[in-house]
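Some notes on the structure that comes next.
The values are calculated or read from the model by the stated rules, or taken from the named source; none is laboratory data. The shown structure was predicted, so the numbers you read here are calculated from the model rather than taken from an experiment. No Cβ is skipped: glycine too gets one built from the backbone with ideal geometry, and neighbour counts run over all protein chains shown. Accessible surface is based on the protein model in full, side chains and every heavy atom, while ligands, DNA and RNA are left aside. Shrake-Rupley method; radii C 1.70, N 1.55, O 1.52, S 1.80 Å.
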Amino acid sequence: MLLLGDVTTERLRGRRPVPGDSEAYTRVWTDPRVPEEVWPAQLRTADDAERVLREDLAHSERWGFGPWSAVERGTSAVIGRVGLAHAHVGGRSEVEVVWFLDGSTWGRGYATELAREAVRVAFDVLELDSVVSFTTPANVASQAVMAKLALRYEADIEHAGLPHVLFRLRRTDRS
């Protein structure tokens, strides 16, 4: 089985999550700066953060890749999660590019920087034919990241009981 290691970008390191990341995941996941219309607080509890971390750990064990814990290289602080994860979209299995970062880091381009590395891994290492990303319609910041990564709007979908917009990048559309 392929087992992906750490990745580094100019300002960040993506590393496999560890159980000790629980406090950081909880801090980021429950951040009150996340607007309700972007992701409702009832879906961002400490229990949800723990579940997401457990799922990320299990995903990496099963598939050899998964979302990374995003670490600022200058501070070594875990500032969120970015990477690739299997997802079910419209009854189909897909690989999603995911990110969720600490509100104190928003606007610095971190999501784009590390997600760009995830896209590279998806196509150059995992040799996938396409990746998806989706978010709520109100999350224009994430949609801007998707556009910077050259993902294109594909459809309106429902996820976690909420309306979402689905974007996709195909290997053949990569520049």
For VAL145, are the conditions met, namely being open to solvent by 70 Å² or more (accessible area, probe 1.4 Å), under 25 Å from ARG44 (Cβ atoms) and out of contact with any Asp or Glu (no Cβ under 9 Å at 6 or more places or on another chain)? no
If we keep only residues of the range 67-78 that are among the aliphatic types (A, V, I, L, M) and open to solvent by less than 10 Å² (accessible area, probe 1.4 Å), then the residue farthest from MET146 (Cα to Cα) is VAL71
Return the residues of the range 5-40 that are surrounded by 13 or more Cβ atoms within 10 Å (Cβ to Cβ) and part of a helix (DSSP H, G or I); say none if nothing qualifies. ASP21, SER22, ALA24, TYR25, THR26, ARG27, VAL28, TRP29
Could you please find all residues in the range 102-121 being in contact with a Lys or Arg (Cβ under 9 Å, 6 or more places away or on another chain), more than 16 Å from GLY66 (Cα to Cα) and surrounded by fewer than 20 Cβ atoms within 10 Å (Cβ to Cβ)? ASP102, GLY103, SER104, TRP106, ARG108, GLY109, THR112, GLU113
Looking only at the range 146-175, filter to residues that are of a type in the set (Val, Ile, Thr) and either under 19 Å from GLY66 (Cα atoms) or part of a strand (DSSP E or B) (or both); which one of those is modelled with the highest pLDDT? VAL165
Residue check for GLU117: assigned to a helix (DSSP H, G or I) and either more than 24 Å from GLY20 (Cα to Cα) or modelled with pLDDT of 95 or more (or both): yes
Of everything in the range 84-114, what is polar (S, T, N, Q) and assigned to a strand (DSSP E or B)? Give them in sequence order. SER93
From the options ASP56, ASP48, residue that is in contact with a Pro (Cβ under 6 Å, 6 or more places away or on another chain), acidic (Asp, Glu), under 21 Å from ALA160 (Cα atoms) and part of a helix (DSSP H, G or I): ASP56
Give VAL131, VAL125 a once-over and let me know the one that is of a type in the set (Val, Ile, Thr), touching a residue at least 12 places away in the same chain (Cβ under 8 Å) and in contact with a strand residue (DSSP E or B) (Cβ under 7 Å, 6 or more places away or on another chain). VAL131
Considering only the range 122-137, state which residues are surrounded by 20 or more Cβ atoms within 10 Å (Cβ to Cβ) and under 21 Å from THR9 (Cα atoms). ALA122, VAL131, SER133
